[in-house]
Amino acid sequence: MAVSTMDSETTRTPKPGDALKKGGSSLLPDGILGATLGSHGKHYVCGSMAAFTNILLTFPVQKVLFRQQLHGVLVTEAVQQLQRDGLRNLYRGLLPPLLQKSTTVAIMFGLYEDFSRVLQNHVCSSGMPELVTRSFAAALAGTTEAIFTPFERVQTLLQDHRHHGRFNNTAHTFRTLLTEYGVRECYRGLVPVLLRNGPSNVLFFGLRGPIKELLPEANNKASHLVNDFVCGGVLGAALGIMFYPLNVVKARAQSQVGGAFQPCRKVLLTVWRERGGSVVMLFRGAHLNYHRSLISWGIINATYELLLKLL
């Protein structure tokens, strides 16, 4: 997948948030919160609030998807598993993704802007294309997000019904992992997270502007919101399919408690053999992931851009 050019300040693709601006000023009045946070801090707040909104709305779908990734079952069987678990367990494991996503998406958008600004300030005289600096900034932001892998780790354990009797809640799971196994156990599955985060960030930020430019021109706030939703949703869905096997490997690795750490390649081969060497089985749940990502990243991107304008 090619990334559109961002060669110079005059020819580069406009940022999605620039669309509602004329003459360098927003069509909406600057809010008190926006003035307090400053031009850079608000990217972190908007990213965090966008992720928080998305998780609350899509968590049950994510839970169905997780069961498919872990067990390779059909969506009907995954739903039946959740029904057998009961309504009280439907939102079991919600706190880790709320904390993790709210933090990592804030870092994703905020650090991307910060790294881009710092890199451009330092290399502006070297003639390095903006495409390179922004891609590097996106990769750095994605790599930094991996610090919060323990939240994904705990979410995996709380969503896996095989561990329902062992782990009570988020705090208990963290405490058990730390006291019985140490910090290293919290980072089980780190390699697939790193392999996923950096490249997906580069593609997301590199293609977000160009894709929005291909959409019908927006002339009001509602149409801008729709375009931001479509742009984020299409990108999120495509990247979700592209990196789906890494999420399968992550889910399998993080469902294990204790024991040796298996290399990413070995875990993938194990899942591959268990599912009969079938690509279709390896991608089981990918169709649901596509629709979940379409909605999730549509919500995140649209909410982020809306809040950015309001602040």
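Testing the spin-label approximation: label points 7 Å from Cα along Cα→Cβ at residue 183 and residue 77. State their distance in nm.
Distance between label points: 4.0 nm.
Relative to the first principal axis of the alpha-carbon coordinates of the chain, what is the inclination of helix 286-310, with its axis defined by its Cα atoms, in degrees from 0 to 90 and to the nearest 10?
For helix 286-310, the angle is close to 40 degrees.
Could you give the length gained on full extension between residue 218 and residue 163, defined as 0.36 nm per residue of separation minus the Cα-Cα distance, in nm?
Length difference between fully extended and current span is 14.9 nm.
Roughly what percent of Cα-Cα pairs across the stretch 126-279 reach past 20 Å?
On the way: 7216 of 11781 pairs.
Counting every Cα pair in the stretch 126-279, those more than 20 Å apart make up 61 percent.
Among 130, 185, 274, determine the one that fluctuates most according to a GNM of the chain built with springs between C-alpha atoms less than 10 Å apart.
Greatest mean-square fluctuation among the candidates belongs to 274.
Could you size up the charge dipole of the chain around its Cα centre, putting +1 on the beta carbon of Lys and Arg and -1 on that of Asp and Glu, and report it in debye to the nearest 20? Please report the intermediate quantities before stating the final value.
Details: 32 positive and 19 negative charges, 202 e Å.
That gives the chain a dipole magnitude of about 980 debye.
How big is the charge dipole of the stretch 177-237 about its Cα centre, in debye rounded to the nearest 20, if each Lys and Arg gets +1 on its Cβ and each Asp and Glu gets -1 on its Cβ?
My answer is approximately 80 debye.
Of the chymotrypsin sites (Phe, Trp or Tyr not before Pro) in the stretch 83-113, which ones lie in a loop per DSSP and count no more than 13 other C-beta atoms within 10 Å? Could the numbers behind the result be given before it?
Numbers: sites: 91, 109, 112; in loops: 91.
Hits after loop and neighbour filter: 91.
Using the heavy atoms of the protein chains alone and a 1.4 angstrom probe, what is the accessible area of the chain per residue in square angstrom? Could you put the intermediate results ahead of the total?
Working: 14640 Å² over 311 residues.
Computed with neighbouring chains in place, this is 47 Å² per residue.
In the stretch 162-223, which chymotrypsin sites (Phe, Trp or Tyr not before Pro) are in a loop and have at most 14 other Cβ atoms within 10 Å, using DSSP for the loop call? Display every interim value, and only then the final one.
On the way: sites: 167, 174, 181, 187, 204, 205; in loops: 167, 181, 187.
Loop-located and lightly packed - 181.
How large a share of the accessible area of the stretch 137-211, in percent, is made up of carbon and sulfur atoms when the probe is 1.4 Å and the other protein chains stay in place?
Its accessible area is 62 percent carbon and sulfur atoms.
Residue by residue through the stretch 133-142, which ³J(HN,Hα) values in whole Hz follow from phi under the Karplus form 6.51 cos²θ - 1.76 cosθ + 1.60 (θ = phi - 60°), with glycine and proline marked x?
Those phi angles translate into 5, 5, 5, 5, 4, 5, 5, 5, 4, x Hz.
Can you work out D for the chain in µm² s⁻¹ from Stokes-Einstein, where Rh is the Kirkwood radius over C-alpha pairs, the temperature is 10 °C and the viscosity is 1.306 mPa s?
It comes out at roughly 77 µm²/s.
If you place +1 on the Cβ of every Lys and Arg and -1 on the Cβ of every Asp and Glu, how big does the dipole about the Cα centre of the stretch 88-193 come out, in debye to the nearest 20?
Numbers: 11 positive and 8 negative charges, 99 e Å.
That gives the stretch 88-193 a dipole magnitude of about 480 debye.
Compute the FRET efficiency between residue 128 and residue 57 as 1/(1 + (r/R0)^6), taking r as their Cβ-Cβ distance and R0 = 30 Å, and round to the nearest 0.05.
On the way: r = 40 Å, r/R0 = 1.34.
Calculated value: 0.15.
With just the Cα atoms of the stretch 172-215, tell me how far they stretch along each of the three principal axes, in Å, largest first.
53, 20, 9
Each residue of the stretch 210-225 in turn: what ³J(HN,Hα) in whole Hz from Karplus with 6.51, -1.76, 1.60 and θ = phi - 60°, glycine and Pro shown as x?
Karplus values, whole Hz, x for Gly and Pro: x, 5, 5, 5, 7, 7, x, 4, 8, 10, 8, 5, 5, 5, 5, 4.
The values are calculated or read from the model by the stated rules, or taken from the named source; none is laboratory data. Since the model is a prediction, treat every value here as computed from it, not as a measurement. Neighbour counts are summed over all protein chains in view; Cβ atoms, including those assigned to glycine, are modelled from backbone coordinates with ideal geometry. Accessible surface is based on the protein model in full, side chains and every heavy atom, while ligands, DNA and RNA are left aside. Shrake-Rupley method; radii C 1.70, N 1.55, O 1.52, S 1.80 Å.
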